[in-house]
1. Which residues, taken from the range 97-114, are without any contact (Cβ under 8 Å) to a residue 12 or more places away in the chain and assigned to a strand (DSSP E or B)?
2. Consider Ala90 against the criteria (1) within 14 Å of the chain's Cα centre (by Cα); (2) closer than 12 Å to Phe138 by Cβ; (3) aliphatic (A, V, I, L, M); (4) part of a loop (DSSP other than H, G, I, E, B): it satisfies all of them except one. Which criterion is unmet?
3. When you scan the range 79-86, do you find a residue that is surrounded by 12 or more Cβ atoms within 10 Å (Cβ to Cβ) and either outside any loop (DSSP other than H, G, I, E, B) or among the aromatic types (Phe, Trp, Tyr) (or both), even just one?
4. Could you list, in sequence order, the residues of the range 1-28 that are surrounded by 13 or more Cβ atoms within 10 Å (Cβ to Cβ) and among the hydrophobic types (A, V, I, L, M, F, W, C)?
5. List the pairs whose first member sits in the range 129-144 and is among the β-branched types (Val, Ile, Thr), whose second member is modelled with pLDDT under 90, and whose Cβ atoms are under 7 Å apart, counting only residues at least 6 apart or on separate chains?
6. Kindly provide the set of residues from the range 127-144 that are part of a loop (DSSP other than H, G, I, E, B) and either open to solvent by 60 Å² or more (accessible area, probe 1.4 Å) or β-branched (Val, Ile, Thr) (or both), ordered by number.
7. Would you point out the residue of the range 29-78, among those that are hydroxyl-bearing (Ser, Thr, Tyr) and more than 24 Å from Phe6 (Cβ to Cβ), that is surrounded by the most Cβ atoms within 10 Å (Cβ to Cβ)?
8. Quick one: how many residues across the range 100-126 are within 24 Å of Phe16 (Cβ to Cβ), open to solvent by 20 Å² or more (accessible area, probe 1.4 Å) and among the hydrophobic types (A, V, I, L, M, F, W, C)?
Amino acid sequence: MLFRSFHHVALRATDFDRTVKFYEEGLGCRVHFRFAVPGRIDKAAFIDAGDGRYIEIFGPESSVQSEGRRRNPGEERTEGALLHFCFRVADTEAAYARALAAGAESRVAPRTGVLSEEPRVEVRIAFVTGPEGEVIEFLQSDQM
């Protein structure tokens, strides 16, 4: 395989501090480090999502490569190529409840599903919308 592992997902935050707080206090992630690049990145942070994976959050004035175009203030969220990202969790209900308590919006309440019969792969999943419109899945499974 060409690559070793998945490293990070990047988000642009319209409210940088609120978004960092959501992941840090709301979901229990920790800020790995913050940075800025004068003239290009107003502020950014790598949020440790566990197991060597990160969420990179950019401030609203950062100039970074992205899919689509920037959303204007007050404009409805649009769909891009990235549909959602997923956290592997030990308890789907607990992760879902914690996210809602931190201000996330419910998309799909916790439910159990079967992804495959051969081999049998069962999952317990839930989906929420985070502070910047990002869709977050919580997945609990012994087979994945």
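The values are calculated or read from the model by the stated rules, or taken from the named source; none is laboratory data. What you see is a predicted model; the values in this text were computed from it and never measured. Cβ placement follows ideal geometry from the backbone for every residue including glycine, while neighbour counts extend to all protein chains displayed. These accessible areas exclude ligands, DNA and RNA; they are computed on the full protein's heavy atoms, side chains included. Shrake-Rupley method; radii C 1.70, N 1.55, O 1.52, S 1.80 Å.
1. Within the range 97-114, just Val114 meets the criteria.
2. (1)
3. Yes - at least one qualifying residue is present in the range 79-86.
4. Answer for the range 1-28, where residues must be surrounded by 13 or more Cβ atoms within 10 Å (Cβ to Cβ) and among the hydrophobic types (A, V, I, L, M, F, W, C): Val9, Ala10, Leu11, Ala13, Phe16, Val20, Phe22, Leu27.
5. Hits for this filter: Val135/Leu83; Val135/His84; Ile136/His84.
6. Residues satisfying the conditions are Asp142, Gln143, Met144.
7. Filtering the range 29-78 for residues that are hydroxyl-bearing (Ser, Thr, Tyr) and more than 24 Å from Phe6 (Cβ to Cβ), the one surrounded by the most Cβ atoms within 10 Å (Cβ to Cβ) comes out as Ser63.
8. So the answer is 3.
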